[in-house]
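Report on the structure given below.
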Amino acid sequence: MSTFHPFPRLPSELRAYIWSLAAHPRLVHVRVVKEPFEVVHVVTPTPSPTVMQVCHESRRHGPYRRAFIIGSKPRYIWVNFEIDMICLRNLNALMAFEPHKLDIQRLMIFARDGCSRFDGYYDWEVDELRNFPALKETHIAIDYGCLGWSALFEERYWGACPRGNIRFIDTISGIMLNGYQLSAAADWGIFHSWDGGGKIEDVNNLEEDIRIADDYTHMSLSDIRAVE
């Protein structure tokens, strides 16, 4: 049965509770629209949650709230900050969302095309994360120089987000690594790149490689196992 016809006859408290459960995690892409010297509003290509479009009762009890009501001509976006991941085009956009610094718990940021962390561009922008004390999960989506971010992970303060929940996504391969795995992968690549182009000679005999790597880099045996 696709439709539960007796639903309107249920007690109002039970209906409200059911509506409150009608949520699922989403990637909510948000973009700031600007004019010279001012923010106009925030827009999203992410569709509104279905539950917020069913009826007046569902909108009243649905587990979403109007958010990102900022700018000179503000609009709103339905968001559940408990489970939705807010996706931004770049770290620089964070400043516009400081009115929600106590709300945003999950954040995905797309690194700028072709920008290596070695040019210093991201160093100060990562510092913006310290202004978001509710962060529980942070993803950085990178299309160039993914391994270079390992140093940034180690050197910078990433705010309140637990370091184990900071993840780096290579948008070309789709591989996702946490910061510790990324550091291990970067160390491994550096160690082998001198004479093997990043490749190991014998994948069935790694004892010597691991011993040397432990001696001359900060990669641990547990890090290597995590990458594998």
message = I want to make sure I understand the PRE zone here: with the label point 7 angstrom from the Cα of LEU27 toward its beta carbon, which residues in segment 39-66 have backbone N atoms less than 14 Å away?
response = 45-47
query = How do HIS24, HIS56 line up, fewest other C-beta atoms within 10 Å first?
reply = HIS56, HIS24
query = HN-Hα J couplings of segment 84-90 from phi, Karplus 6.51/-1.76/1.60, θ = phi - 60°, integer Hz, Gly and Pro as x?
reply = 6, 9, 7, 10, 10, 6, 7
task = Kindly state, to the nearest 0.05, the FRET efficiency for GLU137 paired with ARG75, given R0 = 30 Å and r defined as their beta-carbon distance.
result = 0.70
message = Can you compute the modelled spin-label distance between TYR144 and PHE7, with each label point 7 Å from Cα toward Cβ, in nm?
response = 4.8
query = What is the list of residues in segment 1-40 whose amide nitrogen lies under 19 Å from a point 7 angstrom out from the Cα of ILE83, following Cα to Cβ?
reply = 14-29
ask   = For segment 9-80, what relative contact order do you get, as a whole percent, if you take Cα pairs closer than 8 Å and at least 6 residues apart?
value = 32
query = By count of other Cβ within 10 Å, fewest leading, how are LEU152, LEU129 ordered?
reply = LEU152, LEU129
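Any chance you could run the full-extension gain for GLU98 through ARG66? It's 0.36 nm times the residue separation minus the Cα-Cα distance, nm to one decimal. Provide the component values of the computation, followed by the final result.
On the way: separation 32, 0.36 × 32 = 11.52 nm, distance 1.57 nm.
Length gained between GLU98 and ARG66: 9.9 nm.
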key: For PHE168, PHE110, order by how many other beta-carbon atoms lie within 10 Å, fewest first   = PHE110, PHE168
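A short reminder: the numbers here are calculations on the coordinates, not readings from a lab. Everything numeric here is computed off the predicted structure, so don't read it as measured data. All Cβ positions, even for glycine, are placed from backbone atoms using ideal geometry, and neighbour counts span all protein chains on display.
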